[in-house]
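Heads up, the thing below is written out as structure tokens.
The numbers here are math on the coordinates, done by the rules we state, and not lab data. Since this is a predicted model, take the numbers as computed values, not measurements. Cβ sites come from the backbone with ideal geometry, for glycine too, and all protein chains shown count toward neighbours.
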Amino acid sequence: MPNNQHLKQIYKIAVIPGDGIGPEIMDQALKILKAVEHSHQCQFEYKELLAGGAAWDKFGKHLPKMTLQECQNSDAILFGAVGGPADAQDSPKWQNAEKNVILGLRKHFDLFANLRPIKNHETCNIEHKTRVDFVIVRELIGGIYFGKHKIMKHKTHNMKQGFIAEDIMRYSSEEIERILRVGFLTAQKRQKRLILVDKANVLETSKLWRKIAENIKNDYNDVHLDYMFIDNAAYQLAKDPKQFDVIVTENMFGDILSDEAAVWAQSLGMIPSASLGAGTFGLYEPAHGSAPKYTGKDIANPVAMILSAALMLRHSFGLENSANIIEKAVAEVINKGYGTPDLKPRKVVGTQEMGDLITKAL
């Protein structure tokens, strides 16, 4: 993906705090960006927008046209989280809120590539002290999540009425090739090892993924390409994550593996993500959800949100140095033993103090 240094110094950011803990962690990310702006001679212009339950209260829609239009006029989207309490999902305000917003934004802006860096730190409370550092490249707007879904009535063999549900997984050669190329390019910038995760012993879509990978691998002769079935990949990820450098995979498999991988970072609150298209525009969000039960308690982990802002600086604005400095500041604070309760650190701090410590470390 593009990471060249832009000539312009003013960057327009569409800020969507969302629901639940979204506004709390977003405040910390903006705090960091203001510190970067002050010391790195660049300027950010923010436009705060509504989505999810917050948008429903005002517009009766989860993703209003106004929000889409303002996002289109921006250089990137910085996104918190959307969604409501588990026991309120049947209410119009919350029903399909996450699906309507997240999938809607991805599809509207053709953000087909999701990058999730998985990394832990020296003081991480993992039993075996395994240090991990790899990236999952996930196809984001195809596959079973965006295929046809239907449920039909039918009569069973004993003539009773039942139901059949159907979800279609579909991929075109073009969709596969473009995400594979992102995987290869990502591997070129790291240890030059790429693993394609699929289920080619069963699925026709996976067989096509392998065929396309074989067709284009010679364009990236410096990258070693290997293959792994999804069930084995899940096992290997739990057993020996150090063997991975870059994983590339389809939408649903990537969704599952990236949440499993969060165990090695100790918390979903540590996993940032970048959703990218063909240009520099992207959507940046933490991997976790809105966590309504933690709202307003000053215990939510803001690190994934802050690291997502760093990814925005790197991939959309070409500010590699600024992104590196934020990531080093996060590592410094965590390695000194500070962290929110989910990390079980030596020195427990709240959401705001964690943001303050990282800002100070800059």
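Figures for the structure shown
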item	result
The chain, helix-only ellipticity at 222 nm - DSSP H runs n ≥ 4, -39,500 (n - 2.57), divided by all residues, nearest 500	-11000 deg cm²/dmol
Using a Förster distance of 41 Å, the FRET efficiency for residue 336-residue 177 (Cβ separation, nearest 0.05)	0.40
Paramagnetic reach from residue 238 in the stretch 252-274 [backbone N under 18 Å; point 7 Å along Cα→Cβ]	253-268
Column: log10 I(q)/I(0), Debye, Cα scatterers of the chain, q = 0.08, 0.10, 0.13 Å⁻¹	-0.40, -0.63, -1.08
Relative contact order computed over the chain (Cα-Cα under 8 Å; 6+ residues apart), in percent	24
Cα-projected label distance for residue 48 with residue 99, points at 7 Å along beta-carbon direction, nm	3.1
Net lengthening on full extension, residue 86/residue 210 (0.36 nm per residue, minus Cα-Cα)	40.8 nm
Under 21 Å, Cα to Cα: Lys pairs in the stretch 126-265, sequence gap 8 or more or different chains	15
FRET efficiency, 1/(1 + (r/R0)^6) with R0 30 Å, evaluated for residue 231 and residue 297 via beta carbons	0.20
Virtual spin-label span in nm between residue 356 and residue 72, 7 Å along Cα→Cβ	4.3
Overall Cα dimensions of the stretch 292-362 - principal axes, largest extent first, Å	35, 28, 16
Alpha carbon convex hull of the stretch 126-265, projected area averaged over orientations, nm²	10.6
Protection-proxy order for peptides 244-253, 43-52, each taking the mean of Cβ atoms within 10 Å per residue, highest first	244-253, 43-52
Alpha-carbon centroids, the stretch 87-111 and the stretch 4-65: separation in whole Å	18
Alpha-carbon centroids, the stretch 337-359 and the stretch 264-311: separation in whole Å	16
